[in-house]
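The values are calculated or read from the model by the stated rules, or taken from the named source; none is laboratory data. In this text the structure is predicted, and so the values were computed from the model without any measurement. Using ideal geometry, Cβ is built from the backbone for each residue, glycine included, and neighbour counts are taken over all protein chains shown. Only protein heavy atoms, including side chains, enter the accessible area calculation; ligands, DNA and RNA are left aside. Shrake-Rupley method; radii C 1.70, N 1.55, O 1.52, S 1.80 Å.
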Amino acid sequence: GQKRASFFSFLLVLLVVHKMPPQGSKKQRWYLGGIAGSGAVCITHPLDLIKVHLQIQKKNRNVFQLIQNNAARWGILSFYSGLSASITRQMTYSTARFGVYEYLQNLHRERGEVAAFHQRLAYAGLGGVVGAAVGNFADVINVRMQWDIKQPEAERYNYKHVVDGTSRIIRSEGIAALFRGVGPNCGRAALMNIGQVAFYDQTKDTLLRLELIGDNTRGHFVCSFLAGTAATLITQPFDVVKTRVMQGSRYSGVFQCIIATAKEGPKSFYKGFVPAWVRLSPQTILTWIMLEKLRKIFPAT
């Protein structure tokens, strides 16, 4: 444990202090992140559904028991419940978070500079907050659609798709319900974007400079794997609270949810950590590999 912590501490220090040379004034296309995120979520959505079920469940089933139970009761296709909401969330959330980050990075590129690590952290955090606010409605619907199959028929939302879910929430609960859990969601998204985006960029730049990797798929895999792991570690408590608040009226607010979860023990904030990591790492890896490919197809201008 101490050796691992020391390794990550050393890596973080290396990333912070390492100076990067200017890389020219070319600007990345800000909208490619949403496209890459949407492609990745089509593959990783079942892992997200399993994570949600583990976080909300009252029984203590492990990952394999939950997968076996869901497949036996509702079939394989049940693992894709809420896919339309997941894609919509990526097209809103990821487009906004990458868009804000790339826009601010491009301001440096126009001057022939590279943003410092602390600036990247700030830009990624801001992008995450903006993205979470823009995509919160889809996140609410996604959580509800994923949890529906576990509910008694009389208590199900039965949303047909994300548009149906949005219109029905507005009619029955008011537009404010679309922003349920937006507080913890923004906090989580800020940390998530710092881990997934700023950490990826800084890791990639540093390892390229040290000639430890090449600017190729293998190098992108290494950097995105490290970024996905970092993002999972720092966001899981926020993710548990966000999921529980969005699920419905079980909690009156964020603070009540935090207190109730804390009473279950500190480990409760890391419920579903393994599937969260298993989901987020492939999601991060696929998003960045797809995004890097898109950047080559649609190069910076």
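Contact list please: Cβ distance under 8 Å, first residue in region 161-180 and touching a residue at least 40 places away in the same chain (Cβ under 8 Å), second residue surrounded by fewer than 11 Cβ atoms within 10 Å (Cβ to Cβ), pairs at least six apart or on different chains.
Every condition considered, no pair remains.
One line per residue, one yes/no per condition, for (1) more than 19 Å from Leu191 (Cα to Cα); (2) over 21 Å from the mean Cα position of the chain (by Cα):
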| residue | (1), (2) |
| --- | --- |
| Val240 | no, no |
| Ile259 | yes, yes |
| Gly265 | yes, yes |
| Tyr270 | no, no |
| Pro275 | no, no |
| Pro282 | no, no |
| Thr287 | no, no |
| Glu292 | yes, no |
| Ala300 | yes, yes |
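Out of curiosity, is Ser252 farther than 30 Å from Leu107 by Cα, more than 17 Å from the chain's Cα centre (by Cα) and open to solvent by 80 Å² or more (accessible area, probe 1.4 Å)?
Spelling it out, Ser252 is indeed farther than 30 Å from Leu107 by Cα, more than 17 Å from the chain's Cα centre (by Cα) and open to solvent by 80 Å² or more (accessible area, probe 1.4 Å).
Could you check, for region 145-158, whether at least one of its residues is within 25 Å of Asp205 (Cα to Cα) and either touching a residue at least 24 places away in the same chain (Cβ under 8 Å) or surrounded by fewer than 23 Cβ atoms within 10 Å (Cβ to Cβ) (or both)?
There is no residue in region 145-158 that is within 25 Å of Asp205 (Cα to Cα) and either touching a residue at least 24 places away in the same chain (Cβ under 8 Å) or surrounded by fewer than 23 Cβ atoms within 10 Å (Cβ to Cβ) (or both).
So, restricting to helices (runs of 4 or more DSSP H) that lie completely within region 1-103, which ones have at least 2 residues that are open to solvent by 70 Å² or more (accessible area, probe 1.4 Å) and either β-branched (Val, Ile, Thr) or at pLDDT below 85 (or both)?
Where helices (runs of 4 or more DSSP H) fall fully within region 1-103 and carry at least 2 residues being open to solvent by 70 Å² or more (accessible area, probe 1.4 Å) and either β-branched (Val, Ile, Thr) or at pLDDT below 85 (or both), they are 2-17, 32-56, 63-74.
Looking at Thr287, Thr206, can you tell me which residue is under 22 Å from Tyr93 (Cα atoms) and either β-branched (Val, Ile, Thr) or open to solvent by 50 Å² or more (accessible area, probe 1.4 Å) (or both)?
Criteria check complete, one pass: Thr287.
Among (1) open to solvent by 30 Å² or more (accessible area, probe 1.4 Å); (2) part of a helix (DSSP H, G or I); (3) without any contact (Cβ under 8 Å) to a residue 12 or more places away in the chain, which single condition is Val130 missing?
For Val130, the failing item is (3).
If you go through region 290-301, how many residues are assigned to a helix (DSSP H, G or I) and open to solvent by less than 40 Å² (accessible area, probe 1.4 Å)?
4
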